[in-house]
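Encoded as structure tokens, the structure appears first; notes follow it.
The values are calculated or read from the model by the stated rules, or taken from the named source; none is laboratory data. Treat the numbers as computed from the prediction; the structure is a model and nothing was measured. Glycine also receives a Cβ, built like all others from the backbone with ideal geometry; neighbour counts cover every protein chain displayed. These area figures cover heavy atoms from the full protein model, side chains too; ligands, DNA and RNA do not enter into them. Shrake-Rupley method; radii C 1.70, N 1.55, O 1.52, S 1.80 Å.
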Amino acid sequence: MTATDRPITRLLRGLPSLAGPLPAFDPDTAPDDPDALFEDWLRDAVDAGVIEPHAMTLSTVDPAGRPSARVLILKNLSGGLWQFASGSASRKGKELADTPWAALTFYWPVLGRQVRVRGAVVVANAENSARDYLGRSPSARAAALLGRQSEVLHDPRERDLRLAEAAELIRRDPALVAPEWTLYGVRADEVEFWQGDHHRNHVRLRYTATGESWTTDPLWP
Ligand SMILES: Cc1cc2nc3c(=O)[nH]c(=O)nc-3n(C[C@H](O)[C@H](O)[C@H](O)COP(=O)(O)O)c2cc1C
């Protein structure tokens, strides 16, 4: 069997991408601020029925420069700060403590749209992290209270036990806050909007921070 005869190869080669129909994007009508364009595109994604349009890939690097990526939920966007929350003891938390730079990537398949964000990572103060934590459901708070995200799980029974204990602690004290829960923000210095095209004539617009404002550049597809 040659490499191209393998079932997975045939499956992959047979899958369509950017099949469309896809919307048009005219960069000349784009707002001056990438936050505004993101909000427009997010609303389009919601209207188009994209499931979890606020899910994004967060990319970080370890001390050797090796990248790792995972999906998170965008919690807020304001004044160029893209916020998400997680435990500081997790792999991403450790990597961000060591190298406070990150990239975020959104992809909305039915619209053929991608948004890419890069920037320095800032950590919110304890009060704002606590507010984010207390806004989560009781089960999500219990899971975060364990503070062991990304550790090796040796015994699922121990997890279930600790989870039940955490749920009980929260039931007794609803104001309890997980000490490691952290609200992070990417202070964007670059945001790119990518509109896919079935014929591969994709339209790309990059915003680059220049002091208090943004410059925009169209990019080759
Ligand atoms: C749709 C979706 C949303 C997620 N949202 C979060 C989130 O907001 N915060 C979080 O810590 N993990 C979230 N996760 C789990 C992460 O992808 C990841 O598994 C976890 O944070 C551990 O990552 P790490 O080991 O790189 O630190 C989400 C996963 C998915 C698929």
Flagged in segment 107-121 as over 15 Å from Arg206 (Cβ atoms) and open to solvent by less than 10 Å² (accessible area, probe 1.4 Å), in numbering order, are Trp108, Gly112
In segment 176-221, anything assigned to a strand (DSSP E or B), in contact with a Lys or Arg (Cβ under 8 Å, 6 or more places away or on another chain), open to solvent by 30 Å² or more (accessible area, probe 1.4 Å) and more than 26 Å from Asn125 (Cα to Cα) is listed as Trp194, Thr216, Asp217, Pro218, Leu219
Task: Condition met for Val71 (within 13 Å of the ligand (Cβ to nearest atom) and loosely packed, with under 11 Cβ neighbours inside 10 Å) - done: yes
The condition of being within 30 Å of Leu161 (Cα to Cα) and touching a residue at least 60 places away in the same chain (Cβ under 8 Å) holds, among Ser139, Ser129, Ser88, only for Ser88
Thr57 passes all but one of the listed conditions (1) within 16 Å of the ligand (Cβ to nearest atom); (2) more than 22 Å from Pro221 (Cα to Cα); (3) outside any loop (DSSP other than H, G, I, E, B); (4) open to solvent by 40 Å² or more (accessible area, probe 1.4 Å); the exception is number (2)
Scanning segment 20-52 for residues that are in contact (Cβ under 8 Å) with a residue 12 or more places away in the chain and among the aliphatic types (A, V, I, L, M), the one most open to solvent (accessible area, probe 1.4 Å) turns out to be Ala24
Note: among Glu151, Glu95, just one is open to solvent by less than 20 Å² (accessible area, probe 1.4 Å), within 14 Å of the ligand (Cβ to nearest atom), more than 15 Å from Arg187 (Cα to Cα) and among the charged types (D, E, K, R), namely Glu95
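Any residue in segment 27-43 that is in a loop (DSSP other than H, G, I, E, B) and under 18 Å from Gly112 (Cα atoms)? I'd like the intermediate steps shown before the answer.
Of all residues in segment 27-43, those in a loop (DSSP other than H, G, I, E, B) come to 30-33.
Narrowing further to those that are under 18 Å from Gly112 (Cα atoms): 30.
Within segment 27-43 (the criterion being in a loop (DSSP other than H, G, I, E, B) and under 18 Å from Gly112 (Cα atoms)), the answer is yes, since at least one residue qualifies.
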- Quick check, is Ala89 within 12 Å of the ligand (Cβ to nearest atom), of a type in the set (Gly, Ala, Ser) and not in a strand (DSSP E or B)? yes
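Pick out the one residue from His198, His202, His154 that is modelled with pLDDT under 95 and over 19 Å from the mean Cα position of the chain (by Cα).
His198
In this structure, is Ala85 surrounded by 20 or more Cβ atoms within 10 Å (Cβ to Cβ), within 25 Å of Pro179 (Cβ to Cβ) and among the small types (Gly, Ala, Ser)?
Working: surrounded by 20 or more Cβ atoms within 10 Å (Cβ to Cβ): yes; within 25 Å of Pro179 (Cβ to Cβ): yes; among the small types (Gly, Ala, Ser): yes.
When the stated conditions are applied, Ala85 passes them.
Considering Ala166, Ala143, Ala178, which residue is closer than 28 Å to Asn76 by Cβ, more than 24 Å from the chain's Cα centre (by Cα) and within 16 Å of the ligand (Cβ to nearest atom)?
Ala166
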Of (1) touching a strand residue (DSSP E or B) at 6+ places or on another chain (Cβ under 6 Å); (2) within 20 Å of Leu205 (Cα to Cα), Ala36 fails just (1)
Picked from segment 5-19 (must be of a type outside the set (A, V, I, L, M) and under 21 Å from Gly196 (Cβ atoms)), the residue most open to solvent (accessible area, probe 1.4 Å) is Arg13
